[in-house]
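The values are calculated or read from the model by the stated rules, or taken from the named source; none is laboratory data. This one's a predicted model, so the numbers in the text were calculated from it and none came from an experiment. FYI the Cβ positions are ideal-geometry reconstructions off the backbone, even for glycines, and counts take in every protein chain you see. Keep in mind that these areas ignore ligands, DNA and RNA; they rest on the heavy atoms of the full protein, side chains included. Shrake-Rupley method; radii C 1.70, N 1.55, O 1.52, S 1.80 Å.
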Amino acid sequence: MNGGATHGKQGADKTVPAGAPEGVRLSPEERRRQRARNVAIGLALGGLFVLFYILTIARLGSNVFNRPL
């Protein structure tokens, strides 16, 4: 089935063997590198958003203001 652990509902009882680790423990260096990666991905997504916004406005040009209301 699912390897002895239940997933899904929040607060569900979990069947974990005694002495088993409770997830992945990252070292401070790994956490720092993970955070730096997350920031880089966020900045790249933000840059793409700005690029697409500018390209959209440039393609519309001044005609966007010359439309009937």
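Given a 1.4 Å probe and every protein chain left where it sits, what share in percent of the accessible area of region 27-68 is carbon and sulfur?
Ligands and nucleic acids excluded, carbon and sulfur give 65 percent.
If you take every residue apart from LEU26 with its C-beta less than 15 Å away from the C-beta of LEU26, what net charge results, scoring Lys and Arg +1 and Asp and Glu -1?
Charge balance in the 15 Å sphere: +3.
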